[in-house]
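Here is the structure we will look at.
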Amino acid sequence: MVKNNIINGCKKLMAGICATAAIAAMGILTDNNSIIAKAQINRNSDIQAETSRHTYYRWADTTKSYLTDIGNGNMMRVQADGSDIYVEYYDSQYNITGSRQINPELPVFGGFYNGSDAYYIVTGQENPDESDDVECYRITKYDKSWNRIGSVGLDNCNTYVPFDAGSLRMTESDGYLLIRTCHTMYQSSDGYHHQANVTIQVDVNKMQITDSFTDIMNVGYGYVSHSFNQFIRTDGNKIVAVDHGDAYPRSVVLVEYQTDFTTGQFISNMGWQDHCKATDLLKIAGGIGNNTTYVNVGGFEVTDSAYIVAATSIDQENDGDYYNACILGKSKKDGHTFINWLTDIKEGYAATNPYMVKINDNKYFVMWSYGNDTTGTIDYTYIDADGNQISPIYSMNGEISDCEPIYINGSVVWYTSDNKGNVTFYGVDDNGNVLGSRNGLIYDGEDWVYYHNDNPDDSYTGLALNEYGWWYVSNGHIDWDYTGMAANEYGWWYVSNGTIDWSYTGMAANDFGWWYIRNGALDLSYTGMASNDYGWWYIRNGALDLSYTGMASNDYGWWYMTNGVLDLSYTGMALNDYGWWYMTNGALDLSYTGMALNDYGWWYMTNGVIDWNYTGLARNDFGWWYITNGALDLSYTGMALNDYGWWYMTNGALDLS
């Protein structure tokens, strides 16, 4: 009864203190209607440039909209509109802090890259006369204040139109900028300008192109034709790329270069034994060269254990009708390929081209929208480094653009913009909460309710934070009756009556076993004894250790443990860091003087500890024996003295014969 009164009092106190504030701050009305918060942040900019779509029908396009982390939680937006390149700066609250304009050096924009200590812009120009003297690609380097440092161009590169029917992506490693893009090539004998991928390597310190491949060959040289979307990463000293091919090969193909690009070359140093390893991650149905593939490719990551690709596709094997989101991949461990489907759409709107963003080494954010869905629904989930889905699929309202999301300030963030200067930022934090929406514990006038993306979440069970501390939530409501362990992103904690109990020190159990808690938190540094309702136990590194047998101490002294539990039946010798001791009924017995046995033989104990200084006679249940320096001396033959006189010893034993 006392406990219930305390709990009820706590509920009423919290309700009385914060009801008015919560109602005002969260938009909750007392009739339980709610004002749904917009899951976005809107800004008005002087830059009137519209973002493009991310999804594509047959082939991708170059990205025109970029967002990059410039440190201290601040961001930079880079956007090209076909004639100019605009730069705009934002603080961590999405306020515009500055802007500038960059003049493209060649008329066709290819892409932007935020390097480790510089910015890079790739531009190009068409080559209708198929002249080897035309600079078709230019890579321009700027410092982080947009001062031009230098540039390098590529000509004589079999290019008719650069960046045509595909994309451009870059990565930087070991002093080199690596570019994967595409082009339509010089007219072939059949009268067509066929399309294929392009790879360029730039020494960014010297601003020199050290290698490139623009010829016609086969996938053993990294050549894919047609290549409708291009991705590039590095794995150690090797280039790894992904292309969306419609002919040679007709697949989403993973290309693993075998050469060492850190030498300055990736293709010129290729021998017959160094050909690229090509793996079809998704074979595409249909005829060779048929531009319609019913596939979109949206992201590529190299993890410690796999190569993973975010894509949408129809069921290629069964002539499916609907695009579904999936993760394609190849295991580094054994080389097997896999397709992990994220959606199973059989009617309605098909999934659009997904994005994939790295959160940490074992967590990646994947999102997609739905074609022709005028409600602006975005679905998202999380996968691990092996491409396995590790969370439910969440939904939010919003739009996806060609701005590839970035991970900044603990959230995945991207933007859309229109030709009137309206910029809209969207974001999702590590826990799947949408930027600007109501999430976590919110007081509704009667109770504390757990919200996720503006909606009560009755499925949530776990810890949640409000202004009064951390609380245990069961099925979307604070559980005042819960006492036990619970976890959040910061670790495991001890909860008493629904809230973290910072005063608790002792043992506690969860589904994984028994643990040691100190001041309310799991203490993985603790090694020693601890008690619960069932007795005293041995803890190692914060966990109950049922394998431990030996001595351990608590505030009451030294004790003997067998298989992790206090053994009050044990009498004999035991070892700790301070030496060998005598135990009686599981406790250190400092009153014991006499002989004792361990695995190494018989010893003489004085006041419970081996007496290395003792030499003389001693007795056990088997008779009188001769001890030398604390140990039974079976080599001794001669006379020895005890309280009863002098005696003759043979081989360490009293010889009455």
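The values are calculated or read from the model by the stated rules, or taken from the named source; none is laboratory data. Nothing here was measured: the structure is a model prediction, and the numbers come from that model. Don't worry about glycine lacking a Cβ; one is built from the backbone with ideal geometry, like all the others, and counts go over all protein chains shown. Each accessible area value is taken on the protein alone, full model and side chains, heavy atoms only, with ligands, DNA and RNA left out. Shrake-Rupley method; radii C 1.70, N 1.55, O 1.52, S 1.80 Å.
Below is a table of values for the structure above.
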{"read-out": "Output for the range 457-468, where each listed residue is open to solvent by less than 20 Å² (accessible area, probe 1.4 Å) and either touching a residue at least 60 places away in the same chain (Cβ under 8 Å) or not hydrophobic (A, V, I, L, M, F, W, C) (or both)", "value": "GLY462, ASN466"}
{"read-out": "Residues that are part of a strand (DSSP E or B) and open to solvent by 20 Å² or more (accessible area, probe 1.4 Å), drawn from the range 477-487", "value": "HIS477, ALA487"}
{"read-out": "Number of the condition not met by TRP471 [criteria: (1) open to solvent by 30 Å² or more (accessible area, probe 1.4 Å); (2) assigned to a strand (DSSP E or B); (3) not aliphatic (A, V, I, L, M)]", "value": "(1)"}
{"read-out": "Test: residue in the range 437-456 that is among the aliphatic types (A, V, I, L, M) and either without any contact (Cβ under 8 Å) to a residue 60 or more places away in the chain or open to solvent by 20 Å² or more (accessible area, probe 1.4 Å) (or both)", "value": "yes"}
{"read-out": "Search result, residues across the range 55-82 that are farther than 24 Å from LEU106 by Cα and assigned to a loop (DSSP other than H, G, I, E, B)", "value": "THR55, TYR56, TYR57, ARG58, ASN72, GLY73"}
{"read-out": "Residue among GLY245, GLY222, GLY271 that is among the small types (Gly, Ala, Ser), crowded, with 23+ Cβ neighbours inside 10 Å and either over 22 Å from VAL122 (Cα atoms) or in contact with a helix residue (DSSP H, G or I) (Cβ under 6 Å, 6 or more places away or on another chain) (or both)", "value": "GLY245"}
{"read-out": "Residues (open to solvent by less than 10 Å² (accessible area, probe 1.4 Å) and more than 19 Å from VAL152 (Cβ to Cβ)) located in the range 196-219", "value": "ALA196, ASN197"}
{"read-out": "Some residue of the range 531-553 being within 30 Å of THR606 (Cα to Cα), in contact with an Asp or Glu (Cβ under 7 Å, 6 or more places away or on another chain) and open to solvent by less than 50 Å² (accessible area, probe 1.4 Å)", "value": "yes"}
{"read-out": "Some residue of the range 271-284 being without any contact (Cβ under 8 Å) to a residue 12 or more places away in the chain and either touching a Ser or Thr at 6+ places or on another chain (Cβ under 9 Å) or of a type in the set (Gly, Ala, Ser) (or both)", "value": "yes"}
{"read-out": "Enumeration of residues in the range 621-646 that are within 16 Å of TRP580 (Cβ to Cβ) and loosely packed, with under 14 Cβ neighbours inside 10 Å", "value": "ASN629"}
{"read-out": "Of the criteria (1) charged (D, E, K, R); (2) open to solvent by less than 10 Å² (accessible area, probe 1.4 Å); (3) free of Cβ contacts under 8 Å to residues at least 24 places away in the same chain, which one ASP133 fails", "value": "(2)"}
{"read-out": "Test: residue in the range 351-365 that is touching a Ser or Thr at 6+ places or on another chain (Cβ under 8 Å), in contact (Cβ under 8 Å) with a residue 12 or more places away in the chain, open to solvent by 10 Å² or more (accessible area, probe 1.4 Å) and small (Gly, Ala, Ser)", "value": "no"}
{"read-out": "Any pair with Cβ under 7 angstrom, 6 or more apart, that starts in the range 392-418 at a residue that is on the phi > 0 side of the Ramachandran plot and ends at one that is part of a loop (DSSP other than H, G, I, E, B) and charged (D, E, K, R)", "value": "GLY410/ASP430"}
{"read-out": "All positions within the range 83-108 that are outside any loop (DSSP other than H, G, I, E, B) and of a type in the set (S, T, N, Q)", "value": "THR97, SER99, GLN101"}
{"read-out": "Total residues in the range 611-649, condition under 60 Å from the mean Cα position of the chain (by Cα) and assigned to a strand (DSSP E or B)", "value": "1"}
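For (1) in contact with a strand residue (DSSP E or B) (Cβ under 7 Å, 6 or more places away or on another chain); (2) surrounded by fewer than 21 Cβ atoms within 10 Å (Cβ to Cβ), each residue gets a yes or a no:
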position	(1), (2)
THR63	yes, no
ARG77	yes, no
TYR86	yes, yes
TYR90	yes, no
GLN93	no, yes
PRO104	yes, yes
ASP117	no, yes
ILE139	yes, no
ASN156	no, yes
